[in-house]
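Below is one structure, written out as structure tokens; comments come after it.
The values are calculated or read from the model by the stated rules, or taken from the named source; none is laboratory data. Quantities reported herein were computed from a predicted structural model and do not represent experimental measurements. Note that each Cβ is placed from the backbone with ideal geometry, even for glycine, and that neighbours are counted across all protein chains shown. Quick note on the areas: whole protein, heavy atoms, side chains included, nothing else; ligands and nucleic acids left out. Shrake-Rupley method; radii C 1.70, N 1.55, O 1.52, S 1.80 Å.
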Protein chains: 2
Amino acid sequence: MPPVVTMGADGRRTGRRPATSAAELEHLALQIFAERGFEETTVDDIARAAGIGRRTFFRYFASKNDVPWGDFDGQLEVMRASLASAAAGEPTVAVLRRAILDFNTYPPAEGAWLRRRMTLILRTPALQAHSTLRYASWRGVIAEFVARRVGQPADALTPQAVAAAHLGVAVTAYEQWLREEGTDLVAILDEALGLLATGFAAF
Amino acid sequence: MPPVVTMGADGRRTGRRPATSAAELEHLALQIFAERGFEETTVDDIARAAGIGRRTFFRYFASKNDVPWGDFDGQLEVMRASLASAAAGEPTVAVLRRAILDFNTYPPAEGAWLRRRMTLILRTPALQAHSTLRYASWRGVIAEFVARRVGQPADALTPQAVAAAHLGVAVTAYEQWLREEGTDLVAILDEALGLLATGFAAF
DNA sequence: TTCACTTTCGGCACCGAGTGCCATTAGTGT
DNA sequence: ACACTAATGGCACTCGGTGCCGAAAGTGAA
């Protein structure tokens, strides 16, 4: 069993200790990617730099493409909880907007890292492609929430469409944010999501 | 130079004739994918079935992932032209809606093939991921059109957001269509795009 | 200390996608 | 027969990813 999964909080542990951690490995890999480029960096390079075997690398990450995503699933859980705890009176789209903004609000210290991570993800074709699979979980969380609100199954057209549209617009906002150095991600996200709420009929 | 590219309409041709065509190869490959599954089919399998060398396969398709997409770029050109020729009086979002419906209107004879292709693309993780790269061109066409209409650069937030939202919703409609055998793709697309025009504020 | 047990490590061999290189083949026109 | 052109396909290689399995490094108990 991979060390990443076993990280669970057992009272005490037995057996050999993991040589490193996913977070540490991610940090190191991101640094190398930034220097040499994603495609130009082999898994061997990363493993060698981390002082572990190539085989071991794949126990920490299912694929090279998964490295930049960190604990995305954990983050998603937070968003799911945030959505679930919203007041029933608040309009669906407003809850959604707030949750997405929260989800993408990071402490200023992490801002630079976020920028690096997202630049990598959004500008590297292999990662752009791979990200689709991560986005699917994100959409799932949104769709489930909307489905509950409108009283439809989560796989119905409306919840799915709302989720897909929000995802598309959010990614667009990220791309816009990356385009200029000093801009405010949350503000751009808010503007973009505003477009969705109003609808495009005005155009 | 690959045979696919050289297909240009020169007066007369010299040199060895291509052993097959991209269309023929795609047809054959899709059949094998349907029988054995995408992941389970190797490029060697396809090449052998087509009676060509493995190396030759990669002259017809840049990757195994590109096989199911056929002449997507050609189709895109048609949509671009359709958008460009729209009356200036017609609202942007209406033009968009019509163009997308046209783009996805196929002769009934091709309906079964479309379903197979899209099932493959939308339900195979590797293809789901890869499709992102194709969708980028699609978004580009939409964004350019919207940009022209609203008098902004194509990479500005609004055109990009409109394009991304439309893409997300359109893909959702496709997924909905695949879910039930006898449904009408265009009708579902129309319904989904309608949601976008109105906006989600009502929810 | 030694033994049993647990968990991670990491080497090895293997598969499949994709690429650069290049001789060969199958056409054309002179 | 000869030059020219374009496609073919074999070969060798890189890289991501996986199954297998013995070795290493921890734990607690005898």
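Annotation note: Cβ proximity below 8 Å between a residue of segment A:37-48 that is more than 14 Å from DNA strand C (Cβ to nearest atom) and a residue that is of a type in the set (F, W, Y) (sequence gap 6+ or interchain) occurs for A:T41/A:F33. Only residues that are near DNA strand D (Cβ under 8 Å from one of its atoms), assigned to a loop (DSSP other than H, G, I, E, B) and more than 21 Å from A:W113 (Cα to Cα) were counted across segment A:36-56, and they come to 1.
The residues listed here are B:A49, B:A88, B:A19, B:A34; of these, the one that is open to solvent by 20 Å² or more (accessible area, probe 1.4 Å), within 30 Å of B:R148 (Cβ to Cβ) and among the aliphatic types (A, V, I, L, M) is B:A88. Within segment B:114-125, the set of residues being free of Cβ contacts under 8 Å to residues at least 60 places away in the same chain and open to solvent by 30 Å² or more (accessible area, probe 1.4 Å) comprises B:T119, B:R123, B:P125.
The single condition among (1) more than 10 Å from chain A (Cβ to nearest Cβ); (2) in contact with a helix residue (DSSP H, G or I) (Cβ under 7 Å, 6 or more places away or on another chain); (3) touching a residue at least 40 places away in the same chain (Cβ under 8 Å); (4) of a type in the set (S, T, Y) that B:T183 does not meet is (3).
Just one of the numbered conditions (1) open to solvent by less than 10 Å² (accessible area, probe 1.4 Å); (2) not assigned by TED's automatic domain parsing to the domain that holds A:V93 is not true of A:A161: (2).
Here's the yes/no breakdown for (1) of a type in the set (V, I, T); (2) over 19 Å from the mean Cα position of the chain (by Cα):
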site: A:V146; (1), (2): yes, yes
site: A:Q160; (1), (2): no, no
site: A:G168; (1), (2): no, no
site: A:L196; (1), (2): no, yes
site: A:F200; (1), (2): no, yes
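Just for segment B:57-102: of the residues that are away from chain A (no Cβ under 14 Å) and part of a loop (DSSP other than H, G, I, E, B), which one is nearest to DNA strand D (Cβ to nearest atom)? So, considering only residues that are away from chain A (no Cβ under 14 Å) and part of a loop (DSSP other than H, G, I, E, B), the one nearest to DNA strand D (Cβ to nearest atom) is B:F61. For segment B:91-113, the set of residues classified as over 13 Å from A:A201 (Cβ atoms) and either modelled with pLDDT under 95 or open to solvent by 40 Å² or more (accessible area, probe 1.4 Å) (or both) consists of B:R98, B:D102, B:T105, B:Y106, B:P107, B:P108, B:A109, B:E110, B:G111, B:A112, B:W113, listed by residue number.
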